[in-house]
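Just below is one structure, and these are the notes that go with it.
The values are calculated or read from the model by the stated rules, or taken from the named source; none is laboratory data. Computed from a predicted structure; not experimentally measured. With ideal geometry, Cβ positions are generated from the backbone for all residues, glycine too; neighbour counts draw on all protein chains shown.
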Amino acid sequence: MKKLLITFFMILFASSVFAAKLYTGGEKYEKDGVIALTLTLNGKLIEWVYKENLSQCLKSKRVASREVGGERVVFACKSVKALLQEDKQTKYGIRLLKILD
């Protein structure tokens with residue numbers, strides 16, 4: 001019984017050590033002319049998402065506007081200067097970290 005418990009805790013510990021090594025993303029870089037879907041609430045920019053092209057951005061904007069449908073919430077597609085990061089866990093392989101302008 002004691003050996004079984006020790007084995008169980010060793011496996012549990014080993015799995016938690018491997019889970020602690022999370023993917024932190026790739027190289028960070030600045031780029032101008034990035035298409036971003038932005039969400040503005042009461043005149044304040046609160047959320048932004050990278051989009052591959054203007055067509056994808058407008059499609060996402062239509063879906064989001066239908067779902068939310070509020071007067072205070074404004075979705076917009078913009079071409080911005082942004083801080084990007086390579087991220088293999090996202091749909092397009094790029095994460096928009098921050099809008100710089």
Out of Gln85, Gln89, Gln56, I need the residue that is at pLDDT 95 or above and not hydrophobic (A, V, I, L, M, F, W, C). Which one? Gln56
If you take the residues of region 9-49 that are farther than 18 Å from Ile94 by Cβ, among the hydroxyl-bearing types (Ser, Thr, Tyr) and exposed (fewer than 12 other Cβ atoms within 10 Å of the Cβ), which of them is modelled with the highest pLDDT? Ser15
Across (1) free of Cβ contacts under 8 Å to residues at least 12 places away in the same chain; (2) more than 24 Å from Gly25 (Cα to Cα); (3) within 18 Å of the chain's Cα centre (by Cα), Ser65 clears everything bar (3)
